[in-house]
1. Which one is nearest to Thr51 (Cα to Cα) among residues in the range 98-114 that are hydrophobic (A, V, I, L, M, F, W, C) and in contact with a helix residue (DSSP H, G or I) (Cβ under 8 Å, 6 or more places away or on another chain)?
2. What single numbered condition from (1) within 29 Å of Ile5 (Cβ to Cβ); (2) in contact (Cβ under 8 Å) with a residue 60 or more places away in the chain; (3) surrounded by 13 or more Cβ atoms within 10 Å (Cβ to Cβ) fails to hold for Pro49?
3. Working only within the range 76-114, note down all residues that are touching a residue at least 12 places away in the same chain (Cβ under 8 Å), surrounded by fewer than 11 Cβ atoms within 10 Å (Cβ to Cβ) and under 15 Å from Arg60 (Cα atoms).
4. Of all the strands (runs of 3 or more DSSP E) wholly in the range 8-88, which have at least 1 residues that are within 16 Å of the ligand (Cβ to nearest atom) and farther than 21 Å from Ile109 by Cα?
5. Would you confirm whether or not the range 92-102 contains a residue that is modelled with pLDDT of 95 or more, away from the ligand (no atom under 16 Å from the Cβ) and assigned to a helix (DSSP H, G or I)?
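The values are calculated or read from the model by the stated rules, or taken from the named source; none is laboratory data. Just so you know, these numbers come straight off a predicted model, no measurement behind them. Note that each Cβ is placed from the backbone with ideal geometry, even for glycine, and that neighbours are counted across all protein chains shown.
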Amino acid sequence: MTELICIVCPRGCHLKVDEENGYAVTGNTCKRGEEYGKKELTNPTRVVPSTVKIKGGIHRRLPVKTSKPIPKDLIFKAMKLLDTVEVTSPVKRGDVVYKDILGTGIDFIATRDM
Ligand code: SF4
C-alpha cells in the first residue's frame, strides 16, 4: 500500500493505492483522484515548465511547458534539450518551441506572448 497526496486539484486528498489489489485507490473524493493514484504508481507523468532563450523579446527568456504530461523519467533529458533552443520574438502563447520531445509526440509550447 502506498500513500500519496492527490495533486490534481487544490483539495489535496490523501490517497492510498493498493499495488497488490490492481492498484485500487481509496481516499479519493472524485474519479480524477483514482486515475491519478493509479497512474502515479504505474506510469508517473508530469507537465514540465521551463524557459528558453528568446531574441528580441522584452525579457531574455520565454516561459514554456510541455503540451501534455511526459513520463517522469524523461523530465531531466527533456529539459536538457532546451539548452540549445533559441526563439525569435514575436512568439504567441501556444506556439511550438520544440517539437516531438524524445519521440513522445509531445512538444514544448510557449506559455505567453512575447
Ligand atoms: S481526489 Fe478529486 S477532489 Fe481529491 S484532490 Fe484529487 S482531484 Fe481533487
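1. Phe108
2. Only one criterion in (1) within 29 Å of Ile5 (Cβ to Cβ); (2) in contact (Cβ under 8 Å) with a residue 60 or more places away in the chain; (3) surrounded by 13 or more Cβ atoms within 10 Å (Cβ to Cβ) is unmet by Pro49, namely (3).
3. The one that is touching a residue at least 12 places away in the same chain (Cβ under 8 Å), surrounded by fewer than 11 Cβ atoms within 10 Å (Cβ to Cβ) and under 15 Å from Arg60 (Cα atoms): Thr88.
4. The strands (runs of 3 or more DSSP E) meeting that bar are 14-18, 24-26.
5. yes
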